[in-house]
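Notes for the one structure printed next.
Please treat every number below as a calculation from the coordinates, not as lab data. Note that this is a predicted model, so its numbers are computed, not measured. Quick reminder, even Gly has a Cβ in these numbers, built from the backbone with ideal geometry, and neighbours come from all protein chains shown.
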Amino acid sequence: MNKILLSFAVLVVIAVSGTGASRSSQETPDCGRAVDGVQMCLTASGSNLHVTFSNVGNRDVTLNLGIMLANGRVQLPTKIAMKFTDAQGQTRIFKFVTPAFVAGRVDDWVLPLRAGSTYSLKLALDQFWCQETKEFSIPLLSGSNHLTAQFEGTGAQAVNLDMPGIKLMNFWLGKVESNTLTLRNN
């Protein structure tokens, strides 16, 4: 009888703790607003920027962050852009720098992000450029400058002959923005 009660108690504990696994959305308040379970956060550390993707939803997602070259040895987050407002109030969009010419293989940068998981990238201001103004780095002017990271999810775009199934993957399709980071320059 004691074994039956003990087994029942163990099953109750497992069932109760299992319900916590289907948690509700756990957004981080200092980050941007979550869109369909995906949330972005932008922070700075010294001269580096950190963009963090969080899956705050209840289902796994797959992101296409950009492109990979040389069989994954070079990873370029071309789907990340920065909305930059300088200290004079001028706003423009800076995109991640991509090579003008690629002589080899190009693959999609596929990032599976399980529910409750995060992924961070370390980036720098000189890795972005503005096509409109021909600026090849984000210029911090004297005063308060503001940055907001942007990401737009797409499906597979670099479908190679040896990987045709990648176009069938269930990529997250949406637009999400991070929090706005203020960078002061004296």
What's the local net charge at F128, with K and R +1, D and E -1, over the other residues with C-beta under 15 Å away? +2
Inverse of <1/r> over all distinct C-alpha pairs of the stretch 30-185, i.e. the Kirkwood Rh in Å, gives 16.4 Å
Relative contact order (%) - the stretch 30-185, alpha-carbon pairs under 8 angstrom, separation at least six: 31 percent
Which cysteines does the chain leave without a neighbouring Cys Cβ under 4.7 Å? C130
Restricting attention to the stretch 103-176, which GluC sites (Glu not before Pro) occupy a DSSP loop and are surrounded by at most 16 other Cβ atoms within 10 Å? E132
Please report Rg (one decimal) and Dmax (integer) in Å for the Cα set of the stretch 56-127. 15.1, 43
Report the label-to-label distance for E27 and Q90 in nanometres (one decimal), using points 7 Å from each Cα along the Cα→Cβ vector. 3.3 nm
Add +1 for every Lys or Arg and -1 for every Asp or Glu among the other residues with Cβ under 14 Å from the Cβ of L181, and state the total. -1
Please identify which residues in the stretch 101-136 have an amide N closer than 18 Å to a label point set 7 Å out from the Cα of K83, following the Cα→Cβ vector. 129-133
Place a point 7 Å from the Cα of H146 in the direction of its beta carbon; the residues of the stretch 60-100 whose amide N falls under 19 Å from it are 81-95
Karplus couplings for the stretch 148-160 from phi (6.51 cos²θ - 1.76 cosθ + 1.60, θ = phi - 60°), rounded to Hz, Gly and Pro as x? 9, 6, 10, 9, 10, x, 9, x, 5, 10, 10, 8, 8
For every other residue with a beta carbon closer than 15 angstrom to the beta carbon of V38, add +1 if it is Lys or Arg and -1 if Asp or Glu, then tell me the sum. 0
Roughly speaking, what is the stretch gain from T43 to R184, that is 0.36 nm per residue apart minus the C-alpha to C-alpha distance, in nm to one decimal? 49.4 nm
